[in-house]
Amino acid sequence: MSSKIFTLLFISFFFILICGFKPPKVTAPKNDILYSKYGGDIEKMMREERRLDSLKHPYLYQQKKEDTIAASSIDDESVIIEKAAIMPQFPDGDAGLQEYIKTNTNFIPDTLVGKKASVMVKFYINTLGDAKNPKVIKTDNPSFELQTLLLVEGMPKWTPAKQNGKEVNCYITLTIKYGE
C-alpha cells in the first residue's frame with residue numbers, strides 16, 4: 001500500500017515538474033495609491049503628493065524672508081574688494097603678523113633648510129575674519145609654495161575690513177621671506 005502511495009506521489013510530482021509550475025500573476029492591488037492613481041510612476045506620485053500637501057498645509061512650506069536674507073548676507077563671498085577704507089588687521093597688528101610668520105616658518109622640510117626664497121601670496125579675509133583661498137602670485141623658488149599655502153590657511157582670525165561702516169571681504173597680498 002505504501003508503494004502505491006509513493007508511486008502516486010512520485011507521478012504527481014513528476015507531472016507538475018514536466019508541466020511546469022507557474023505562480024499566478026499578481027495584479028496591482030486596487031487600493032495601492034502608486035498603481036491605482038499614478039500608474040506605477042514614483043516620481044509623478046511624489047511630485048503630486050507634495051503639491052497636494054503644500055495646498056493643505058501651506059504654513060509648512062513658507063520661508064521667512066528675514067532668515068534667507070540674513071543667511072545669504074553672512075556667507076556671501078561673491079564680492080571681494082581690493083582696497084577698503086579700513087583694511088583687515090592681523091591680531092596685534094604688523095608686529096603680530098611678522099611674529100606669526102617667523103614662528104611658523106621654522107618648521108620647513110629638511111630638503112629646504114638653508115635655502116632662501118621670497119613668495120608673494122594673495123588671499124582674502126572674509127567678513128568672519130578667516131583667511132581664504134590663498135594663491136601664490138610670484139616666487140623665486142617653487143619648492144616653498146606648499147609651505148606658504150599652509151602658513152596662510154593656518155592663520156588665526158583677522159579683524160575684517162570695513163567699507164562704509166560695514167564689514168566686507170577684502171584681498172591681502174603678502175610677501176613671505178624664507179631663510180633670512
Diffing the range 141-157: the Karplus 3J(HN,Hα) column from phi (6.51, -1.76, 1.60, θ = phi - 60°), in whole Hz with x for Gly and Pro, holds 8, x, 5, 9, 4, 4, 4, 5, 4, 5, 4, 5, 5, x, 5, x, 5
The range 79-178 -> Rg/Rh from Cα coords, Kirkwood Rh, value 1.00
May I ask you to sort D94, D41 by Cβ crowding, counting other Cβ atoms within 10 Å and putting the fewest first? D94, D41
Taking the highest mean first, how do the peptides 117-130, 151-164 order by number of other beta carbon atoms within 10 angstrom per residue? 117-130, 151-164
Cross-link list K83/K115; K138/K162; K115/K166: which exceed 32 angstrom alpha carbon to alpha carbon? K83/K115; K115/K166
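Bear in mind that the values in this text are calculations on the coordinates, not laboratory data. Quick caveat: nothing in here was measured; it's all calculated off a predicted structure. Backbone-built Cβ (ideal geometry, glycine too); neighbour counts: all protein chains shown.
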